[in-house]
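Read through the structure below, which is laid out as structure tokens, and then see the notes.
The values are calculated or read from the model by the stated rules, or taken from the named source; none is laboratory data. The structure presented is a predicted model; accordingly, all values stated were derived computationally and were not measured. Glycine gets a Cβ as well: all are built from the backbone with ideal geometry, and neighbour counts include every protein chain shown.
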There are 2 protein chains.
Amino acid sequence: MNLYDATVPIFTKHLNSVNKWLDQAAAHAEARKFDVETLLQARLAPDQYPLVRQLQAACDQAKYTCAYLTGKTPPSHPDTEKTIAEVRARLKTVVDYLATFKREDFNGAEERACKASWMPAPLRGGDYLDHLALPNFHFHLTTAYAILRHNGVDLGKSHYVVELPFGKA
Amino acid sequence: MNLYDATVPIFTKHLNSVNKWLDQAAAHAEARKFDVETLLQARLAPDQYPLVRQLQAACDQAKYTCAYLTGKTPPSHPDTEKTIAEVRARLKTVVDYLATFKREDFNGAEERACKASWMPAPLRGGDYLDHLALPNFHFHLTTAYAILRHNGVDLGKSHYVVELPFGKA
């Protein structure tokens, strides 16, 4: 198994799907006559990140995971987004970055030492992916989804679990 | 890479961590003088599963994934839980089931055809894990966490991303 399969296409499709969530949010705001941009500051608890920060965090998880697993230096993406258009641009920036990775970049990734700045020590690449990166990515993305659901946006599970690759088994 | 590493220990630790969330929920209910059991029916949107069903779904994802990837027949766990004690018992039942799996059970799992009853066709094992099982597991578990957070339970990210295996890189 090459860890490319568990990262680049997965992060890419999930981040792309957020654009559809934002389309649904816009339709809901239009129908209810409120400014869709207010949703970016919506949160489920006062001491929890709002929607915009959840999406920025998901973007960062995707970016850092692919960089660390392949020994590359991740680009800096300051969390400056204030509008949905800017969030869409951030998503595209990260998806474009993910597209620069090749399968062979991930050769040996499972045993590569991966260390984010906040970590007291490195993790094995495989452990970084299984124990930290994937839980964290889905944590932030699902929380973003939950914030939109809680605010009445018309979303269902099929907006989260997307593009299943049938026909290869 | 053996898919055991990405499944059995991951599902086990995350399901075990729910017991700590429920401890925190009990403490919150005690402090605020409400019946903690009411949280089992809390939800973030009227057309979304409540907490109890989110946790049942996370349990099922763990169970089915390990069974399908190893060609075993999963046990049936009817969704009959009505109390937090029963939810804790369900979590233990699944964690005990996960403990019956050995690493060698997952030999060849990546290429094994996996098909849940609702699926139109099987998925390759590796794709089943990356595209369906892990997103779905974390989707339900994070939503359960979000329901508790939204209801004021004292939880933070360190209750979700747990037990990082430092010292192996």
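Here are a few things to note about the model shown:
- Evaluated against (1) in contact with a helix residue (DSSP H, G or I) (Cβ under 8 Å, 6 or more places away or on another chain); (2) within 13 Å of chain B (Cβ to nearest Cβ), A:M119 falls short on exactly one condition, (1).
- Condition check for A:K13: part of a helix (DSSP H, G or I) and either at pLDDT 95 or above or not hydrophobic (A, V, I, L, M, F, W, C) (or both): yes
- Condition check for A:K82: at negative phi and touching a residue at least 40 places away in the same chain (Cβ under 8 Å): yes
- Residue match in region A:142-152 (condition: under 19 Å from B:K13 (Cβ atoms), assigned to a helix (DSSP H, G or I) and at the interface with chain B (Cβ under 7 Å from one of its Cβ atoms)): yes
- Taken together, B:A85, B:A58 contain a single residue that is loosely packed, with under 15 Cβ neighbours inside 10 Å and of a type in the set (G, A, S), which is B:A85.
- Of note, A:G167 does not satisfy the criterion of being within 19 Å of B:Y145 (Cα to Cα), surrounded by fewer than 23 Cβ atoms within 10 Å (Cβ to Cβ) and not aromatic (F, W, Y).
- Look at region B:25-51: where a residue is on the phi < 0 side of the Ramachandran plot and a partner is assigned to a helix (DSSP H, G or I) and acidic (D, E), sitting 6+ places away or on another chain with Cβ atoms under 8 Å, you get B:V36/B:E30.
- Checklist (1) assigned to a loop (DSSP other than H, G, I, E, B); (2) surrounded by 20 or more Cβ atoms within 10 Å (Cβ to Cβ) applied to A:L129, failing item: (1)
- A residue that is more than 30 Å from A:K168 (Cβ to Cβ), hydrophobic (A, V, I, L, M, F, W, C), in contact (Cβ under 8 Å) with a residue 12 or more places away in the chain and not in a loop (DSSP other than H, G, I, E, B) cannot be found anywhere in region B:110-117.
- Among the residues of region B:125-141, those that are under 10 Å from the mean Cα position of the chain (by Cα) and either within 8 Å of another protein chain (Cβ to nearest Cβ) or of a type in the set (F, W, Y) (or both) comprise B:L134, B:N136, B:F137, B:H138, B:F139.
- Residues in region B:13-25 that are under 14 Å from B:Y145 (Cα atoms) and of a type outside the set (S, T, N, Q): B:H14, B:L15, B:V18, B:K20, B:W21, B:L22, B:D23, B:A25.
- For region B:153-169, the set of residues classified as within 8 Å of chain A (Cβ to nearest Cβ) and in a helix (DSSP H, G or I) consists of B:K157 only.
- Residue identified as crowded, with 19+ Cβ neighbours inside 10 Å and more than 10 Å from chain A (Cβ to nearest Cβ) among B:T93, B:T70: B:T70
- Exactly one residue out of A:Q61, A:Q56, A:Q48, A:Q24 is within 12 Å of another protein chain (Cβ to nearest Cβ), assigned to a helix (DSSP H, G or I), under 30 Å from B:V153 (Cβ atoms) and out of contact with any strand residue (DSSP E or B) (no Cβ under 7 Å at 6 or more places or on another chain), and it is A:Q61.
- Taking region A:27-45 as the range and being more than 23 Å from A:G156 (Cβ to Cβ) and in a loop (DSSP other than H, G, I, E, B) as the test, the residues that pass are A:K33, A:D35, A:A45.
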